[in-house]
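Everything on this sheet refers to the single structure shown next.
The values are calculated or read from the model by the stated rules, or taken from the named source; none is laboratory data. Remember, it's a predicted structure, so these values are computed and weren't measured experimentally. Cβ placement follows ideal geometry from the backbone for every residue including glycine, while neighbour counts extend to all protein chains displayed.
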Amino acid sequence: MNHKESIANFRKDYQKSALQHDLLDENPIKQFENWFNQAVNAPILEPNAMILATVLNGQPSSRVVLLKGFSNQGFVFYTNYQSHKGQSILNNNKVALLFFWDVLERQVRIEGQAIKVSSEQSDEYFAKRPRGSQIGAWISQQSSTIDLNTNLVEEKKQFEAKFEGKTVPRPPHWGGFLVKPNLFEFWQGRSSRLHDRFQYQLTENKWVISRLSP
């Protein structure tokens, strides 16, 4: 098969649902919660997986991270603050999130600003992580270049021995970010590419809803 030719011919006609203005919640967080709960109950492998986009020195970057909580304040995820995404946010805290739930033929775009959560909140979440993940946070110098022959398994054993019989503390370079949203777009796939798109824009502390052309 010639993949260059076949990719151009990929087609999917979205027919599973529709999105109507009069059924939208006035609060985009509530609307997100409704959709997220449906995604959790659908056969989706990781409904909390989201693409995080950041910009450093004018260069956009994106990667998949896991949502670990949300509220009216915003969306929380955790990472190594010294990683590429961590440094990007600390230099430019304007970010974008994207959830894509293919089974439901839906996506949600979110734009906003990311701030560090409190040390207490990071400590609380870190304490609930599996012990292997806690130790891994000490080993990983995320995004940095390491020697090709680095033995991460051996380093893991060394940290396991260091913390044997002890509570693993949270590394100071590891913690959470809260993305405070100022824009949402809810996208529902429709037949003939006539997709339903509704945008929530935060204007003078009020969410203004508008419909976007597909």
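Just give me the residues in region 45-70 being under 24 Å from LYS128 (Cα atoms) and more than 14 Å from the chain's Cα centre (by Cα), in sequence order.
LEU45
Please give the strands (runs of 3 or more DSSP E) falling wholly within region 35-96 in which 2 or more residues are without any contact (Cβ under 8 Å) to a residue 24 or more places away in the chain and among the hydrophobic types (A, V, I, L, M, F, W, C). Lay out the reasoning, then the answer.
Details: elements: 49-56, 59-66, 69-71, 74-80.
Result: 59-66.
Taking region 86-102, which residues are farther than 20 Å from LEU183 by Cβ and in contact with a Leu (Cβ under 9 Å, 6 or more places away or on another chain)?
Answer for region 86-102, where residues must be farther than 20 Å from LEU183 by Cβ and in contact with a Leu (Cβ under 9 Å, 6 or more places away or on another chain): GLN87, ASN91.
On the given criteria, is GLN59 under 17 Å from GLY176 (Cβ atoms), at pLDDT 95 or above and surrounded by fewer than 16 Cβ atoms within 10 Å (Cβ to Cβ)?
no
Do you know which residues across region 1-34 are part of a helix (DSSP H, G or I) and either of a type in the set (A, V, I, L, M, F, W, C) or touching a Cys at 6+ places or on another chain (Cβ under 6 Å) (or both)?
Those that are part of a helix (DSSP H, G or I) and either of a type in the set (A, V, I, L, M, F, W, C) or touching a Cys at 6+ places or on another chain (Cβ under 6 Å) (or both): ILE7, ALA8, LEU23, ILE29, PHE32.
Within 23 Å of the chain's Cα centre (by Cα), touching a residue at least 24 places away in the same chain (Cβ under 8 Å) and over 21 Å from SER62 (Cβ atoms) - does that describe any residue in region 197-204?
yes
Return the pairs, sorted by first residue and then second, in which the second residue is at pLDDT 95 or above, the first residue lies in region 97-114 and is of a type in the set (Lys, Arg), the beta carbons are less than 6 Å apart, and the residues are 6+ apart or on different chains.
Correct list of pairs: ARG106/GLN188; ARG109/LEU98; ARG109/GLU185.
Taking region 163-194 only, how many residues are crowded, with 19+ Cβ neighbours inside 10 Å, under 14 Å from VAL108 (Cα atoms) and at pLDDT 95 or above?
Residues flagged as crowded, with 19+ Cβ neighbours inside 10 Å, under 14 Å from VAL108 (Cα atoms) and at pLDDT 95 or above within region 163-194 amount to 5.
So which of ILE89, ILE110 ends up being more than 13 Å from the chain's Cα centre (by Cα), buried (at least 18 other Cβ atoms within 10 Å of the Cβ) and hydrophobic (A, V, I, L, M, F, W, C)?
After ruling out the rest, the residue left standing is ILE89.
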